[in-house]
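Engineer: Dropping the structure in here first, questions after.
The values are calculated or read from the model by the stated rules, or taken from the named source; none is laboratory data. The structure displayed is predicted, hence computed values, not measured ones. All Cβ positions, glycine included, derive from the backbone under ideal geometry; neighbour counts span all protein chains shown. These accessible areas exclude ligands, DNA and RNA; they are computed on the full protein's heavy atoms, side chains included. Shrake-Rupley method; radii C 1.70, N 1.55, O 1.52, S 1.80 Å.
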Amino acid sequence: MSYSPSATATPAAHASAAAPLEVTYRKIAWRLIPFLVFLFVLAWIDRVNVGFAKLQMLQDLQFSEAVYGLGAGIFFIGYFIFEVPSNLLLEKIGARKTLARITILWGLASMAMAYVTTPTSFYILRFLLGIFEAGFFPGVVLYLTYWFPAQRRARVNGLFMTSFAIAGAVGGPIAGLIMSGMEGVGHLANWQWLFILEGIPSILAGFAVLAWLPEKPANAKWLSEAEKNAVTQVLAAESSAPGKHFSFKDACSNYRVWICAAVYFCVVSGNATIAFWAPSIIKEIGVKGNLQIGLISAIPFIAGTLAMIWNGFHSDKTGERRLHSAIATLIACIGLVATGMTLGNATLALCSLTLAAIGILAAFPVFWSIPGAFLAGTAAAGGIALINSIGNLAGFVAPYMIGALKTSTGSLSSGLYFVAALELVASFLVVVFIRKH
């Protein structure tokens, strides 16, 4: 798509029009992306810090691995139920109010996790955390479509989704530091301090959303009128392009939405595995001490961050989506299988886990550029939420299956092979059913 307002413009006119737009999009990205990344880092840390709390929490509360797996995964049931309504509400009341409400409530739920005493209370609070966080990720994906055209979204999504990897890279060391440093402080256990201290920043960030995020380009005081008009015109022209679906009914009746949901289910199963089980895997290969486990758990996520950024930029540069997604999930499959086969060798297992993280995280930004190619308006709001909510059911299935298989077999390997098979299915579905773009 050309950014020139006239189809008859000369090449020089095209270049002169594109240059200011490039500067404008860079300005928008610098203003929005770092703050959105910060918010998602907080969300991700509050979602998965139970994986670090588990290292001491299970012993203190006498929970089994199966109880932990069910509690870790039940988050996604609440997430699934409330995600589509939350995203449809965002389109009606706006991003600022929706994202602020979500952030404050998940912070409160995370802090309440410090007072879990029974499996039932554990399940209830994890379920509530899922309800409160529902709509955040698809809300941001939808919000970015209000600012950036489709041809820029893989790289923009990639920049935003570095929050997955950044959260893993910084979340592990921070969790390890809190659990090591707060041992024996006051009348609370170290895992209780973890939930409290990591919940407070989310509540504060929720109020910051209201002050920092504009609804759409027309509301951005830091853009000139010319910049607002240029961005709005590009998006309006794209939305009116033929082949777009606009209503939620259109999204639900489009087979590509359901294929995308199935693919995302498989991708998320891998992400949930490394998020909830990486500390346990690292402990199982012989690493001792909460701080050491936290520091080492950052390695796969750092590698995944680089892979995610590169894959998003390269996909936009080449205009190719299918192979960028399919190869990434194939790499994830190979890495998970190798991790299961090498648990007896610390170095090989860590390298394999890193390879799995590279593949899993690299798949995300390219995958999320696919739905925007055929959805717009309410169809985009509902369709993106539907894909994300169904896909995130894997966040329930994968941790629960790994916990159940470990309880029955005594090893993590069988669970890792199960998730690896899902990553292979993702590669197959993308290659066979997703159209070339």
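Engineer: Could you figure out which of (1) open to solvent by less than 10 Å² (accessible area, probe 1.4 Å); (2) at pLDDT 85 or above; (3) under 24 Å from residue 172 (Cβ atoms) isn't true of residue 51?
Structural biologist: (2)
Engineer: May I ask you to say which residue of 117, 145 is among the hydroxyl-bearing types (Ser, Thr, Tyr), at pLDDT below 85 and farther than 23 Å from residue 303 by Cα?
Structural biologist: It is 145.
Engineer: Hey, residue 161 hits all of (1) at pLDDT 85 or above; (2) within 30 Å of residue 231 (Cα to Cα); (3) in a helix (DSSP H, G or I) but one; which does it fall short on?
Structural biologist: Single failed check for residue 161: (1).
Engineer: Is there a residue being without any contact (Cβ under 8 Å) to a residue 60 or more places away in the chain and surrounded by fewer than 19 Cβ atoms within 10 Å (Cβ to Cβ) anywhere in the stretch 282-289?
Structural biologist: Yes: one or more hits.
Engineer: Of everything in the stretch 333-349, what is open to solvent by 40 Å² or more (accessible area, probe 1.4 Å), assigned to a helix (DSSP H, G or I), in contact (Cβ under 8 Å) with a residue 24 or more places away in the chain and under 16 Å from residue 285 (Cα atoms)? Give them in sequence order.
Structural biologist: Scanning the stretch 333-349 gives 337, 341, 346.
Engineer: May I ask you to list the residues in the stretch 92-102 that are touching a Leu at 6+ places or on another chain (Cβ under 7 Å) and either open to solvent by 10 Å² or more (accessible area, probe 1.4 Å) or without any contact (Cβ under 8 Å) to a residue 60 or more places away in the chain (or both)?
Structural biologist: Selection gives 96, 98.
Engineer: Taking the stretch 209-227 only, how many residues are under 21 Å from the mean Cα position of the chain (by Cα) and either within 12 Å of residue 31 (Cβ to Cβ) or loosely packed, with under 15 Cβ neighbours inside 10 Å (or both)?
Structural biologist: Of the residues in that region, 1 qualify.
Engineer: Just for the stretch 61-81: of the residues that are among the hydrophobic types (A, V, I, L, M, F, W, C) and touching a Gly at 6+ places or on another chain (Cβ under 6 Å), which one is most open to solvent (accessible area, probe 1.4 Å)?
Structural biologist: Of everything passing the filter in the stretch 61-81, 66 is most open to solvent (accessible area, probe 1.4 Å).
Engineer: Do you know which of the residues in the stretch 178-201 that are among the small types (Gly, Ala, Ser), touching a residue at least 24 places away in the same chain (Cβ under 8 Å) and assigned to a helix (DSSP H, G or I) is least open to solvent (accessible area, probe 1.4 Å)?
Structural biologist: Looking at the filtered set, the residue picked out is 199.
Engineer: Can you tell me which residue within the stretch 21-37, out of those that are among the hydrophobic types (A, V, I, L, M, F, W, C) and either open to solvent by 70 Å² or more (accessible area, probe 1.4 Å) or touching a Gly at 6+ places or on another chain (Cβ under 6 Å) (or both), is nearest to residue 98 (Cα to Cα)?
Structural biologist: 30
Engineer: Could you check residue 354 against (1) modelled with pLDDT of 90 or more; (2) not in a helix (DSSP H, G or I) and say which number it fails?
Structural biologist: (2)
Engineer: Would the stretch 318-332 turn up any residue that is modelled with pLDDT under 85, farther than 23 Å from residue 284 by Cα, surrounded by 24 or more Cβ atoms within 10 Å (Cβ to Cβ) and of a type outside the set (Asp, Glu)?
Structural biologist: no
Engineer: Can you tell me which residue within the stretch 24-71, out of those that are touching a helix residue (DSSP H, G or I) at 6+ places or on another chain (Cβ under 9 Å) and in a loop (DSSP other than H, G, I, E, B), is nearest to residue 125 (Cα to Cα)?
Structural biologist: 49
Engineer: Could I ask something else about it? Being over 16 Å from the mean Cα position of the chain (by Cα), touching a residue at least 60 places away in the same chain (Cβ under 8 Å) and under 23 Å from residue 266 (Cβ atoms) is the filter here; which residues of the stretch 304-315 pass it?
Structural biologist: If the condition is that a residue be over 16 Å from the mean Cα position of the chain (by Cα), touching a residue at least 60 places away in the same chain (Cβ under 8 Å) and under 23 Å from residue 266 (Cβ atoms), then 315 is the only one that fits.
Engineer: Follow-up question, since we're still on this one. Does the stretch 416-437 hold any residues that are at pLDDT 85 or above and open to solvent by less than 60 Å² (accessible area, probe 1.4 Å), and which are they?
Structural biologist: Once the filter is applied, which keeps residues that are at pLDDT 85 or above and open to solvent by less than 60 Å² (accessible area, probe 1.4 Å), the stretch 416-437 yields 416, 419, 420, 421, 422, 423, 426, 427, 429, 430.
Table: residues versus (1) over 30 Å from residue 367 (Cα atoms); (2) surrounded by fewer than 19 Cβ atoms within 10 Å (Cβ to Cβ); (3) at pLDDT 85 or above.
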position	(1), (2), (3)
104	no, yes, yes
113	yes, no, yes
130	no, no, yes
133	no, no, yes
140	no, no, yes
149	no, no, no
172	no, no, no
176	yes, no, no
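Engineer: If you don't mind, there's one more thing I want to ask. Just to be sure, is residue 204 of a type in the set (A, V, I, L, M), surrounded by fewer than 16 Cβ atoms within 10 Å (Cβ to Cβ) and at pLDDT 85 or above?
Structural biologist: In short, yes.
Engineer: Take the stretch 60-91 and flag every residue that is free of Cβ contacts under 8 Å to residues at least 60 places away in the same chain and aromatic (Phe, Trp, Tyr).
Structural biologist: 63, 82
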